[in-house]
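The structure under discussion appears below in the form of structure tokens.
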Amino acid sequence: MSGTRKRLALGLLLVPAAIGLGWWARSAQADPLAGVRATIGTRPATHALEQLRREEPNNAEVFFLSAKQARLEERPGEVGPHLAQAEQLGWPAPQLDRERTLTRASIDYPRNRPAVEALLRSHPDDGDVLLAAARGELQTGAPARAVELATRALDLAPQNPQARFIRGSAHARAKRLDLARADLEAAVAAGPEVFHFRDAQVALGSCLLDLGEFAPALELFRAVRAAEPANLLALFGIGRACSYLGQWADAEGAYQAILKLRPGHVETLLGLAQVLEQRGDLPQALGHLEAAEKGDPNRLETLARLAKLLAALGQPERARGYEARYRALDPNRLPTGAGQQPKGVP
């Protein structure tokens, strides 16, 4: 083949490739959101959308996706302005109304449940609506319904970490711990770029505590605290895990750290009192139990423990007073005497 023919053949071969590259470049320019859509609900999408709002100020979808991202990131105050801008730029009204409904439901689910249920009836395979409803049902004390809705969302997107987190949390609430563990491990495995990653770590740690796996639970709680030093749930988990492991000083430190941030927190006062009892410091434990009783005067666990501790401290008259209060609140579970913990009370 002559040199001229070789050059002509090579040119003909390169024309399709050049056309393909040109089409790809034009497509990328025409659809700057192609990469962002797939990452909504993760931290990188937040920064990408901030940049796109500067670069594409007339792109309605940029502002619509920004609203959705803000809702998922639990920044509802930013949703309205983004939706207003998307509306001004011509984004479809039904999608705007749907996003407004989901945002209102994230703030007050009981009041907005009928609107969410209406969306589910008209769009039963809408993953966003399914997850919003599942989260709301979990928060309002309906874990079985939350499991059902999250499972439907997972049927549509089996790897969705938010659905795994919600369903795992619902299973844990229902004490189906093995199922909870599987889902929560999957949610944690999705990594820290996903929203609610730290919440999933805490939920998994609590599940492991209930399964008796105290050391790995403590590792999870400590990882969360390292990332978020003021995370009260992580601190409380550290206190619980260290108590189970007999690490009394670390347990006391965790509980004291919570009380600095939340003075009078009843659950923490009870946990701290238990640690001090185990260490033999009964008078100081009594002070924390009395503080817990002031915060929740009718809590049976507190009354039972006060009766027991006062008997151990040689104050039988006060012990009998707490027994009487316990008896009045729950006559079906009578303490059998000062110094004995009532049956069924932790």
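The values are calculated or read from the model by the stated rules, or taken from the named source; none is laboratory data. Fair warning: this is a prediction, and the values are worked out from it, not measured in the lab. A quick note on method: Cβ atoms are made from the backbone with ideal geometry, for glycine too, and the neighbour counts reach across all protein chains shown. For the accessible areas, the whole protein counts, side chains as well, though only heavy atoms, and no ligand, DNA or RNA atoms are used. Shrake-Rupley method; radii C 1.70, N 1.55, O 1.52, S 1.80 Å.
Of all the listed residues (Ala230, Ala186), the sole one being assigned to a helix (DSSP H, G or I) and without any contact (Cβ under 8 Å) to a residue 60 or more places away in the chain is Ala186. Residue count for region 274-292 under the criterion of being of a type outside the set (Val, Ile, Thr), under 28 Å from the mean Cα position of the chain (by Cα) and crowded, with 22+ Cβ neighbours inside 10 Å: the result is 1. Residues in region 56-75 that are in a helix (DSSP H, G or I) and under 14 Å from Phe195 (Cβ atoms) were compared, and the one that is nearest to the chain's Cα centre (by Cα) is Leu72.
The rows are residues; the columns are (1) assigned to a helix (DSSP H, G or I); (2) in contact with a Leu (Cβ under 9 Å, 6 or more places away or on another chain); (3) of a type in the set (Phe, Trp, Tyr); (4) open to solvent by 30 Å² or more (accessible area, probe 1.4 Å).
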position: Arg111; (1), (2), (3), (4): yes, no, no, yes
position: Glu117; (1), (2), (3), (4): yes, no, no, yes
position: Asp128; (1), (2), (3), (4): yes, yes, no, yes
position: Ala133; (1), (2), (3), (4): yes, yes, no, no
position: Ala146; (1), (2), (3), (4): yes, yes, no, no
position: Ala170; (1), (2), (3), (4): yes, yes, no, no
position: Pro192; (1), (2), (3), (4): no, no, no, yes
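Residues in region 276-285 include none that are under 30 Å from Glu219 (Cα atoms), in contact with a Ser or Thr (Cβ under 9 Å, 6 or more places away or on another chain) and at pLDDT 95 or above. Inside region 292-310, residues that are of a type in the set (A, V, I, L, M) and either under 14 Å from Gly271 (Cβ atoms) or assigned to a loop (DSSP other than H, G, I, E, B) (or both) make up a count of 1.
When region 59-109 is filtered for residues that are touching a Lys or Arg at 6+ places or on another chain (Cβ under 9 Å), open to solvent by 20 Å² or more (accessible area, probe 1.4 Å) and under 20 Å from Thr140 (Cβ atoms), the ones remaining, listed by number, are Pro76, Arg104, Ser106.
Given the structure, is Arg53 out of contact with any strand residue (DSSP E or B) (no Cβ under 6 Å at 6 or more places or on another chain), assigned to a helix (DSSP H, G or I) and exposed (fewer than 12 other Cβ atoms within 10 Å of the Cβ)? Here the answer is no, as Arg53 does not meet what is asked. For region 148-160, the set of residues classified as farther than 18 Å from Pro114 by Cβ and either part of a loop (DSSP other than H, G, I, E, B) or open to solvent by less than 30 Å² (accessible area, probe 1.4 Å) (or both) consists of Ala150, Ala153, Leu154, Ala157, Pro158, Gln159, Asn160, listed by residue number. Go through the residues of region 234-257 one by one and say whether even a single one is surrounded by 15 or more Cβ atoms within 10 Å (Cβ to Cβ), within 30 Å of Ala45 (Cα to Cα) and of a type in the set (A, V, I, L, M, F, W, C). Yes.
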